[in-house]
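Enquirer: There's a structure below that I have some questions on.
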Amino acid sequence: KSTQFASAVLLPSSPTPPIALPPTVKPHPIFQMPEIVENILRFVSAYAEIPREKPYARRKPLSLEHVKLIYKDEKKAMEVWNNRSQIGAHNSNGDGNEMMGSVMYNCMMVNRLWFHVTLELLLEKFHFKDLTKFRRFLNVKNQMNTNKKLIKPKMMVLHKFHKLQQSELDELSRFLSCESLKWLEFYICPDVVPPVAWINQFNNLEKLVLPGNKKIDDKFLIQVSGHVNNLKVLDLRACDKVTDSGIIAMAIRCPQLQACNLGRHRNSSNITSLAVVALARNTDVETLGMAGCKITDAGLWELAQLRGSRIKRLSLNNCDLLTNHSIPTLLALNYFPNLAVLELRHVDQITEVKQLVKFKLWKRSQNIPVLIEGCERITRLMYDEENRIRKSHSLLAFEDMSTWVNTESEL
C-alpha cells in the first residue's frame, strides 16, 4: 500500500462506499478474570480521594515575633510569616487525588465486569463532600427497587454538610447496613446523629468522628457505648452537649480506645479530670486532646501514673487550671518518656519551662523528634531557658578543659 501522495487515486463521488469500522479489539483474557480485575481496582481505589480534615504538622504562629522564636532565623521567619496561611498543612497533591477518583469512575465504563467490581469498591468507601451529589444519590436509590442488595460500606464519611437533615440520614438507612462499618465520620454535620438502626450494628466500628455536632449528648454516647467494644478513635471536638458522664460511659466500654479528642468545648466545665481519669483507667489511650477543658494538675498526675509511658500526644491548650505542678514536674520525673507532641498554648499558670527545655534537648540528643507547641509567651521562655542551658554547658566544658590543660602543664 503506497503512502506517496502522487499515487493517490480519486474515488467516484457516487455512490459513496460504506465506511468500514475497525474491528473491535477484545481485551486480554486476564482482564476478564474477576479476581484479577478486583486486585487491580483495589490498587486504584487505595489512592482515591477521601474528604477529610487537613492534618497539621504544627499550628499557625500567633505573631511575627512568635515565628522568629520558633525558627530562630529571621529570613526563614519572614518567609514563613508571609505564607502563614499554608503553615502546617501537609503538601498533598489534591489534583492527583481528584484524578484517581475520576479514574475509578472511568473504570466503570470498560465493560460489565469492571462496572460491577468498581461499583462494589466505591460503595465500600462511601464518602461525599458535596451535599447536592449526596441528595442526588438518595433520589436515584429511591427510584430503584428497594429490595435490591443493601449497601454495606466499611467506611462512611460526610464532610461539612451544614444543611444535612436528619430525615435524609434516616432515608439512607432504608438501603444501607452498618454491620461491616469500621469508620464513621460526620465532619461538621451539626444537626444529625447516626440513626438508632445503625447504632445496633456498630460491633465492628473502630473510628467514630463527629466534631462540631450540636445534637450529640451523653444519652447518645451511653447508647452507643454498648455496641462499640472495638472502638480505637473517638473525636468529639466542639460537641458542646457532651459531659464527663458520656465520656466515662465510653471509656468503661471501649477498652481498645487509643485516641480521644474532646477539645474546643464551649462549655469547658462539662469536661473535667473525671473524664481523663476514666480514660486512663479503662482504655489504651495514647493520644488525648483536652484543649480548653477544666483539667487539673491532679487529673494529669493520675494520667501519668496509669498511662504515662504510653502517652504520645497531649493537647492542653487553654487548660487554665494547670500549673507548674503538672506538666513541668511530670516531665522532670520522666512520667511521659514517649511524648512526641505537646500542645501548651495559653496556659497562663505555667511559668517554669526549664524541664520542658531539658526534655526537648534530651529527645534531640537521641535523634527522637519531639514538638512542644507553645504560645508566644511560652516559646519566649523556652528560648531564653535553652540559651541559658547552652551557656551553662559551654562554661562547664570550658572549665573542665582549663582544668585538664593546667593539670597536664603542671605534670
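Enquirer: Please work out which residue is most open to solvent (accessible area, probe 1.4 Å), limiting yourself to the range 136-173 and to residues that are part of a helix (DSSP H, G or I), of a type in the set (D, E, K, R) and farther than 30 Å from Pro34 by Cα. I'd like the intermediate steps shown before the answer.
Expert: Initially, the range 136-173 is screened for residues part of a helix (DSSP H, G or I), giving 136-143, 166-173.
Applying the additional criterion that residues be of a type in the set (D, E, K, R) yields 136, 141, 168, 170-171.
Then keep just the ones that are farther than 30 Å from Pro34 by Cα; that gives 168, 170-171.
Numbers: Glu168: 25, Asp170: 72, Glu171: 52 Å².
Top of the filtered list is Asp170.
Enquirer: Return only the number of the condition from (1) closer than 28 Å to Cys239 by Cα; (2) crowded, with 17+ Cβ neighbours inside 10 Å; (3) among the basic types (Lys, Arg) that Arg310 does not satisfy.
Expert: Looking at each condition in turn, Arg310 falls short on (2).
Enquirer: Only residues that are part of a helix (DSSP H, G or I) and either open to solvent by less than 10 Å² (accessible area, probe 1.4 Å) or over 19 Å from Gln223 (Cβ atoms) (or both): list them for the range 251-277, please. Before the answer, list the steps.
Expert: In the first step, residues of the range 251-277 are kept if they are part of a helix (DSSP H, G or I); the result is 251-253, 268-270, 273-277.
Residues satisfying the conditions are Ala251, Ser268, Ser269, Ser273, Leu274, Ala275, Val276, Val277.
Enquirer: While we're looking at this one, here's another question. What pairs come up if the first residue lies in the range 112-135 and is surrounded by fewer than 17 Cβ atoms within 10 Å (Cβ to Cβ), the second is part of a helix (DSSP H, G or I) and aromatic (Phe, Trp, Tyr), and their beta carbons are under 9 Å apart, counting only those six or more places apart or on different chains?
Expert: Close Cβ pairs (under 9 Å, with a partner that is part of a helix (DSSP H, G or I) and aromatic (Phe, Trp, Tyr)) amount to Leu113/Phe31.
Enquirer: Being over 30 Å from Gln355 (Cβ atoms), surrounded by fewer than 17 Cβ atoms within 10 Å (Cβ to Cβ) and not aliphatic (A, V, I, L, M) is true for just one of Asn324, Asn213, Asn229. Which residue is that? Spell out how you get there, then give the answer.
Expert: Working: Asn324 fails: over 30 Å from Gln355 (Cβ atoms); Asn213 fails: surrounded by fewer than 17 Cβ atoms within 10 Å (Cβ to Cβ).
After ruling out the rest, the residue left standing is Asn229.
Enquirer: Next question, about the same structure. Residues to consider are Ser315, Ser365, Ser394; find the one that is under 30 Å from Lys232 (Cα atoms) and not acidic (Asp, Glu). Can you show your working first?
Expert: Details: Ser365 fails: under 30 Å from Lys232 (Cα atoms); Ser394 fails: under 30 Å from Lys232 (Cα atoms).
After ruling out the rest, the residue left standing is Ser315.
Enquirer: With the requirement that a residue be of a type outside the set (Val, Ile, Thr) and under 22 Å from the mean Cα position of the chain (by Cα), what does the range 344-373 give you?
Expert: Start the filter on the range 344-373 by keeping residues that are of a type outside the set (Val, Ile, Thr), which leaves 344-346, 348-349, 352, 354-356, 358-367, 369, 371, 373.
Residues satisfying the conditions are Leu344, Arg345, Pro369, Leu371, Glu373.
Enquirer: Quick one: in the range 327-353, which of the residues that are of a type in the set (A, V, I, L, M, F, W, C) and assigned to a loop (DSSP other than H, G, I, E, B) is surrounded by the most Cβ atoms within 10 Å (Cβ to Cβ)?
Expert: Taking the range 327-353 and keeping what is of a type in the set (A, V, I, L, M, F, W, C), we get 327, 330-333, 336, 339-342, 344, 347, 350, 353.
Then drop every residue that is not assigned to a loop (DSSP other than H, G, I, E, B), which leaves 333, 336, 339-340, 347, 350, 353.
Details: Leu333: 11, Phe336: 22, Leu339: 21, Ala340: 16, Val347: 22, Ile350: 22, Val353: 27.
Out of the qualifying residues, it is Val353.
Enquirer: Just checking, which of Leu342, Leu330, Leu303, Leu274 is over 18 Å from Phe359 (Cβ atoms) and modelled with pLDDT of 95 or more? Outline the logic, then answer.
Expert: On the way: Leu342 fails: over 18 Å from Phe359 (Cβ atoms); Leu330 fails: over 18 Å from Phe359 (Cβ atoms); Leu303 fails: over 18 Å from Phe359 (Cβ atoms).
From the options Leu342, Leu330, Leu303, Leu274, the qualifying one is Leu274.
Enquirer: Okay, moving on. Can you work out which of the residues in the range 102-135 that are in a loop (DSSP other than H, G, I, E, B) and aliphatic (A, V, I, L, M) is nearest to Lys149 (Cα to Cα)?
Expert: Among residues in the range 102-135 that are in a loop (DSSP other than H, G, I, E, B) and aliphatic (A, V, I, L, M), the one nearest to Lys149 (Cα to Cα) is Met108.
Enquirer: So, one more: Could you go through the range 86-96 and let me know if any residue there is within 21 Å of Met155 (Cβ to Cβ), modelled with pLDDT under 75 and in a helix (DSSP H, G or I).
Expert: Scanning the range 86-96 turns up at least one residue that is within 21 Å of Met155 (Cβ to Cβ), modelled with pLDDT under 75 and in a helix (DSSP H, G or I).
Enquirer: So, of the residues in the range 232-250 that are in contact with a helix residue (DSSP H, G or I) (Cβ under 7 Å, 6 or more places away or on another chain) and in a loop (DSSP other than H, G, I, E, B), which turns out to be surrounded by the most Cβ atoms within 10 Å (Cβ to Cβ)?
Expert: Of the range 232-250, the ones in contact with a helix residue (DSSP H, G or I) (Cβ under 7 Å, 6 or more places away or on another chain) are 234, 242-250.
When the remaining residues are screened for being in a loop (DSSP other than H, G, I, E, B), the result is 242-243.
Numbers: Val242: 25, Thr243: 19.
Per the criteria, the residue is Val242.
Enquirer: Going through the range 107-160 one residue at a time, which ones are modelled with pLDDT of 80 or more and of a type in the set (Phe, Trp, Tyr)?
Expert: Of everything in the range 107-160, those that are modelled with pLDDT of 80 or more and of a type in the set (Phe, Trp, Tyr) turn out to be Phe126, Phe128, Phe134, Phe137.
Enquirer: Of all the residues that make up the range 278-307, how many are open to solvent by 20 Å² or more (accessible area, probe 1.4 Å), among the polar types (S, T, N, Q) and part of a loop (DSSP other than H, G, I, E, B)?
Expert: Total satisfying the criteria: 1.
Enquirer: In the range 179-195, which residues are under 19 Å from Asn229 (Cα atoms), free of Cβ contacts under 8 Å to residues at least 60 places away in the same chain and under 22 Å from the mean Cα position of the chain (by Cα)?
Expert: Pass one, the range 179-195, residues under 19 Å from Asn229 (Cα atoms): 179-185, 194-195.
Now narrow it down to the ones that are free of Cβ contacts under 8 Å to residues at least 60 places away in the same chain: 179-184, 194-195.
Hits for the range 179-195 are Ser180, Leu181, Lys182, Trp183, Leu184, Pro194.
Enquirer: Let me ask something else about it. Assess whether Pro195 counts as being within 24 Å of Ile40 (Cα to Cα) and modelled with pLDDT of 90 or more. Give the steps one after another, and end with the answer.
Expert: Details: within 24 Å of Ile40 (Cα to Cα): no; modelled with pLDDT of 90 or more: yes.
So Pro195 fails the test.
The values are calculated or read from the model by the stated rules, or taken from the named source; none is laboratory data. Source: prediction; values computed, not measured. Positions of Cβ are backbone-derived with ideal geometry, glycine not excepted, and every protein chain shown enters the neighbour counts. Remember, those area values only see protein heavy atoms, side chains included, never the ligands or the DNA or RNA. Shrake-Rupley method; radii C 1.70, N 1.55, O 1.52, S 1.80 Å.
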